[in-house]
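Each remark here refers to the structure printed beneath this line.
The values are calculated or read from the model by the stated rules, or taken from the named source; none is laboratory data. Keep in mind it's a predicted model, so treat the numbers as computed, not measured. Counting neighbours? That spans all protein chains shown, and the Cβs are built from the backbone with ideal geometry, glycine included.
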Amino acid sequence: MTTDEVRIEPGDPADPAFARLHEALDRELGELYPADSIYSVEPDKLDAPGCCLLLGRTAEGEAVACGALRRLSDDQAEIKRMYVVPKYRGQALGRRILEGLEARAAAFGYSSLRLETGERQPAAIGLYRSFGYVQIPCYNEYAYDPHSLCFEKRLEAADSAPAPGHAVTDG
């Protein structure tokens, strides 16, 4: 299966498919970090205004990737629950989810995005850096976790950002 056969679409936080991805991510993180260094999010927190969930689904409807936005303030959101099922990694699904989340964040009017990842996740760190995220001091619940790394990115103004689902082209 190619990445083109996986569609990125809005998801429902109450969807059992998201619950399966959420649990798989927690299991994987549990192999890398102690339990108190795993920062989940309650699905109902992703169903609030200014929040969203994106799912990557195969042509057969199987959810194989996810990512979410959680509102931090009027002008700032946090990326949460970025995950791609292992057999689908290396196909740019994480990039596509992140692009979709950034477009939605700009459409919501956020001026910056933050995120937390772990020190033992070089692929995630590389992805975020390749998108222009810069490391910042850890914040909120991550402030005293020795395994946490936090990043931030300033976004373009919503009126100059492409609408979700629209590509930017030269010319």
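Key figures for this structure:
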{"item": "Checking Arg81 against (1) assigned to a helix (DSSP H, G or I); (2) crowded, with 21+ Cβ neighbours inside 10 Å, the condition it does not meet", "result": "(1)"}
{"item": "Restricting segment 84-106 to residues that are touching a Ser or Thr at 6+ places or on another chain (Cβ under 9 Å) and within 16 Å of Arg154 (Cβ to Cβ), the residue that is surrounded by the fewest Cβ atoms within 10 Å (Cβ to Cβ)", "result": "Ala106"}
{"item": "Looking only at segment 1-34, and only at residues there that are more than 17 Å from the chain's Cα centre (by Cα), at pLDDT 95 or above and part of a helix (DSSP H, G or I), the one that is nearest to Gly109 (Cα to Cα)", "result": "Pro16"}
{"item": "Residue pairs meeting the criteria (Cβ under 7 Å; at least 6 apart or on separate chains; first among the small types (Gly, Ala, Ser), in segment 80-107; second surrounded by fewer than 22 Cβ atoms within 10 Å (Cβ to Cβ) and part of a helix (DSSP H, G or I))", "result": "Ala92/Thr3; Gly94/Leu127"}
{"item": "Verdict on Ala65 being more than 17 Å from Leu115 (Cα to Cα), free of Cβ contacts under 8 Å to residues at least 60 places away in the same chain, in contact with a helix residue (DSSP H, G or I) (Cβ under 7 Å, 6 or more places away or on another chain) and assigned to a loop (DSSP other than H, G, I, E, B)", "result": "no"}
{"item": "Complete set of residues in segment 113-131 that are closer than 24 Å to Glu156 by Cβ, of a type outside the set (A, V, I, L, M) and surrounded by 12 or more Cβ atoms within 10 Å (Cβ to Cβ)", "result": "Arg114, Glu116, Thr117, Tyr128, Arg129, Phe131"}
{"item": "In segment 39-58, residue surrounded by the fewest Cβ atoms within 10 Å (Cβ to Cβ) [restricted to those that are at pLDDT 95 or above and over 15 Å from the mean Cα position of the chain (by Cα)]", "result": "Thr58"}
{"item": "Leading residue by the ranking (farthest from Cys51 (Cα to Cα)) among those in segment 104-126 that are over 12 Å from the mean Cα position of the chain (by Cα) and aliphatic (A, V, I, L, M)", "result": "Ala123"}
{"item": "When residues of segment 144-161 are limited to those that are surrounded by 11 or more Cβ atoms within 10 Å (Cβ to Cβ) and aliphatic (A, V, I, L, M), the one modelled with the highest pLDDT", "result": "Leu149"}
{"item": "Residues satisfying the stated conditions in segment 22-38, i.e. surrounded by fewer than 12 Cβ atoms within 10 Å (Cβ to Cβ) and of a type in the set (Asp, Glu)", "result": "Glu23, Glu31, Asp36"}
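Residue-wise test of (1) of a type in the set (Val, Ile, Thr); (2) within 16 Å of Leu25 (Cα to Cα); (3) out of contact with any strand residue (DSSP E or B) (no Cβ under 8 Å at 6 or more places or on another chain).
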{"site": "Lys45", "(1), (2), (3)": "no, no, no"}
{"site": "Cys52", "(1), (2), (3)": "no, no, no"}
{"site": "Asp74", "(1), (2), (3)": "no, no, yes"}
{"site": "Tyr83", "(1), (2), (3)": "no, yes, no"}
{"site": "Tyr88", "(1), (2), (3)": "no, yes, no"}
